[in-house]
Amino acid sequence: MALTPLEHDRKHGEMDQVLRAYVGQPADDTEDRPGTALTAYLRHTWHTRPWALAVAESQLREFARTPPGRLRIEIGEFYALPDVGLPDAEILDWLARVAGHIRRSVEEGTVPPPAPPVTHWEWHARFPELGQFLGGWFSQDMPDEFDDHDAAVDDYAATTDRRLVARLVGEIRELLALGLDESAYAVGAAEMGLEVEPPDAYGVSGWLALVATRIG
């Protein structure tokens, strides 16, 4: 039988977060430096859940030391590693290398400086409600479901808990405070699920500012 949710989280939950950070990114960590995906994980986790770093290091190192054996695989009681683009023979050494980088970061207090998100995982980790809003209401199906952008925004506001609406407003304001150029805002919005163009005469940042005003 498969791992229960409690068993999964206790043994592999934070390791799973680390590995999800590699979606769309190469597992290119060397002995000397973490790659882009791991740096993004470290940056976000240091500033939001620093205690989780020790959990991640422990779970990664334990999995690298004792991967699931044949019996556990046969009965389904194991964590299925996502594909990170490495040959199977290199996976365990790579997991130990990632654990080593996390351990050094904690022991030496090496914290990546604040910066705009650079990976798909980091955009969603930093702006979770904005990702829900853009991906859920502004996918490519939006024109078939709503008359226009305002109607979609109004539907979100009417059907979403007010505390989440307030969180969205805060996330939009935090995003705009980054002071990115318009092309970077467009990239970030696309990473978070925006699949339609903003209304005519608006860039992504201007439209998001309008959304925050409309529902805030």
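Out of the residues in the stretch 181-201 that are in contact with a helix residue (DSSP H, G or I) (Cβ under 7 Å, 6 or more places away or on another chain) and surrounded by fewer than 17 Cβ atoms within 10 Å (Cβ to Cβ), state the one that is farthest from Ala21 (Cα to Cα).
Checked the stretch 181-201; the qualifying residue farthest from Ala21 (Cα to Cα) is Pro199.
Could you check how many residues of the stretch 1-45 are of a type outside the set (Val, Ile, Thr), assigned to a loop (DSSP other than H, G, I, E, B) and within 14 Å of the chain's Cα centre (by Cα)?
So the count comes out to 4.
Give me a count of the residues in the stretch 108-157 that are in contact (Cβ under 8 Å) with a residue 24 or more places away in the chain, open to solvent by less than 40 Å² (accessible area, probe 1.4 Å) and aliphatic (A, V, I, L, M).
So the answer is 7.
Of the conditions (1) closer than 15 Å to Val204 by Cα; (2) in contact with a helix residue (DSSP H, G or I) (Cβ under 8 Å, 6 or more places away or on another chain); (3) not hydroxyl-bearing (Ser, Thr, Tyr), Val165 satisfies every one except a single condition; which number is it?
Checking Val165 against (1) closer than 15 Å to Val204 by Cα; (2) in contact with a helix residue (DSSP H, G or I) (Cβ under 8 Å, 6 or more places away or on another chain); (3) not hydroxyl-bearing (Ser, Thr, Tyr), the one that fails is (1).
Among the candidates Pro128, Pro114, Pro68, which residue alone is closer than 30 Å to Glu197 by Cα, out of contact with any helix residue (DSSP H, G or I) (no Cβ under 6 Å at 6 or more places or on another chain) and at pLDDT below 95?
Pro114
From the residues in the stretch 173-207 that are in contact (Cβ under 8 Å) with a residue 60 or more places away in the chain and not in a loop (DSSP other than H, G, I, E, B), which one is farthest from the chain's Cα centre (by Cα)?
Out of the qualifying residues, it is Ala184.
Tell me yes or no: at least one residue of the stretch 40-48 is in contact with a helix residue (DSSP H, G or I) (Cβ under 8 Å, 6 or more places away or on another chain), closer than 15 Å to Trp94 by Cα and modelled with pLDDT of 95 or more.
Scanning the stretch 40-48, I find no residue that is in contact with a helix residue (DSSP H, G or I) (Cβ under 8 Å, 6 or more places away or on another chain), closer than 15 Å to Trp94 by Cα and modelled with pLDDT of 95 or more, so the answer is no.
Does Gln59 qualify as being at pLDDT 95 or above and within 26 Å of Ala2 (Cβ to Cβ)?
yes
So Leu210 clears everything in (1) surrounded by 13 or more Cβ atoms within 10 Å (Cβ to Cβ); (2) touching a helix residue (DSSP H, G or I) at 6+ places or on another chain (Cβ under 8 Å); (3) farther than 14 Å from Phe133 by Cα except one condition, right? Which one?
If we test Leu210 against (1) surrounded by 13 or more Cβ atoms within 10 Å (Cβ to Cβ); (2) touching a helix residue (DSSP H, G or I) at 6+ places or on another chain (Cβ under 8 Å); (3) farther than 14 Å from Phe133 by Cα, just (2) comes out false.
What tally of residues in the stretch 1-34 results from selecting those that are surrounded by 20 or more Cβ atoms within 10 Å (Cβ to Cβ) and β-branched (Val, Ile, Thr)?
1
Please tell me if Leu60 is open to solvent by less than 30 Å² (accessible area, probe 1.4 Å) and more than 30 Å from Ala190 (Cα to Cα).
Here the answer is yes, as Leu60 does meet what is asked.
The values are calculated or read from the model by the stated rules, or taken from the named source; none is laboratory data. It should be emphasised that the depicted structure is a prediction, and the values quoted were computed from it without experimental measurement. Backbone-built Cβ (ideal geometry, glycine too); neighbour counts: all protein chains shown. Each accessible area value is taken on the protein alone, full model and side chains, heavy atoms only, with ligands, DNA and RNA left out. Shrake-Rupley method; radii C 1.70, N 1.55, O 1.52, S 1.80 Å.
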